[in-house]
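The values are calculated or read from the model by the stated rules, or taken from the named source; none is laboratory data. Remember, it's a predicted structure, so these values are computed and weren't measured experimentally. A quick note on method: Cβ atoms are made from the backbone with ideal geometry, for glycine too, and the neighbour counts reach across all protein chains shown. Protein only, heavy atoms only, side chains kept; ligands, DNA and RNA dropped before computing areas. Shrake-Rupley method; radii C 1.70, N 1.55, O 1.52, S 1.80 Å.
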Amino acid sequence: MVPWKHLPRTLRICTCAMAFNPPTAVCDACVLYPFHQRNVLIQASADGLYDARWTEEIHNEWMRNLIANVPALSIERLHATRRLMEQALPEALVGNFHHNIEAINLPDPDDRHVVAAAIEAKASHILTWNLRDFPAKELRKNRLTRETPDGFLAGIYDEAPDLVIVSLANARRNLTKSGSSAQDFLELLGRQGFTKLVRRLRSHASAL
């Protein structure tokens, strides 16, 4: 398969014949901020494991935080990354969701735009590491579930392991500069918080 940076939407892994129905998930800014998580999650969506969604606000947040914490990065480089993301997943951007915000009650009101976008996109999941910011009771009102990227991809693995392995192999091949081995890639995933997923992948390292 072709890495996400070069992958037309029409060339995604075909799941239609495999009794697998990809969920739709809004990616919170915190899961797009780290390079390796962003690579894995975008490749997974490009390969048809799920349909990723985000907003202008989510893009602005992860880019703003990354520039603040890594001043050596140029904003031009991040805009180039964003353009590649949008080329790979042209249907991911959610708009016209602000009318949903007032009805949402979260610990931090500034997070309401994420839920509002998920409602507008008819998503089933919000992917975030900040689970406490999205109380399950509030999300259930709109048939939403919050999940970490690790739990989310581990759950997809349990349903369609071959698809996840192929997609992660694609994600590893995206790392052309570092040239990570399969074992190095597993260790990298573990450091990124994908502990459940790594446990499932240990016996399939050769396929990565």
**OP:** Given the options Ala103, Ala118, Ala171, state which has the largest fluctuation in a GNM of the chain using a 10 Å cut-off (strictly under) for Cα springs.
**Re:** Ala103
Subject >> Residues of the chain: accessible area per residue with a 1.4 Å probe, Å² >> reply: 49
Original post:
For the charge dipole of the chain, defined by +1 on Lys and Arg C-beta atoms and -1 on Asp and Glu C-beta atoms about the Cα centroid, which residue among Cys30, Ala68, Gln192 has the Cα displaced farthest towards the positive pole?
Top reply: Gln192
**OP:** Multiply the residue separation of Lys122 and Arg143 by 0.36 nm, subtract the distance between their alpha-carbon atoms, and state the gained length in nm to one decimal.
**Re:** 6.6 nm
Original post:
With each label point set 7 Å from Cα along the Cα-Cβ vector, what nm distance links His99 and Ile75?
Top reply: 3.2
Original post:
Amide H to amide H under 5 Å from Thr145: which residues, 5+ apart in sequence or cross-chain, H placed 1.01 Å off N in plane?
Top reply: His125, Ile126
**OP:** Provide the descending list of Cα extents for the range 31-150 along its principal axes, expressed in whole angstroms.
**Re:** 40, 31, 28
**OP:** Would you grab the residues whose amide H sits under 5 Å from the one on Asp51? Only those 5+ places off in sequence or on another chain, please, with H modelled 1.01 Å from N.
**Re:** Thr24, Ala25
**OP:** Can you tell me the dipole magnitude for the chain around its Cα centre, using point charges on the Cβ only (Lys, Arg +1; Asp, Glu -1), in Debye to the nearest 20?
**Re:** 480
**OP:** Starting from the Cα-Cα distance between Glu187 and Arg132, subtract it from 0.36 nm times their residue separation and give me the gain in nm to one decimal.
**Re:** 17.1 nm
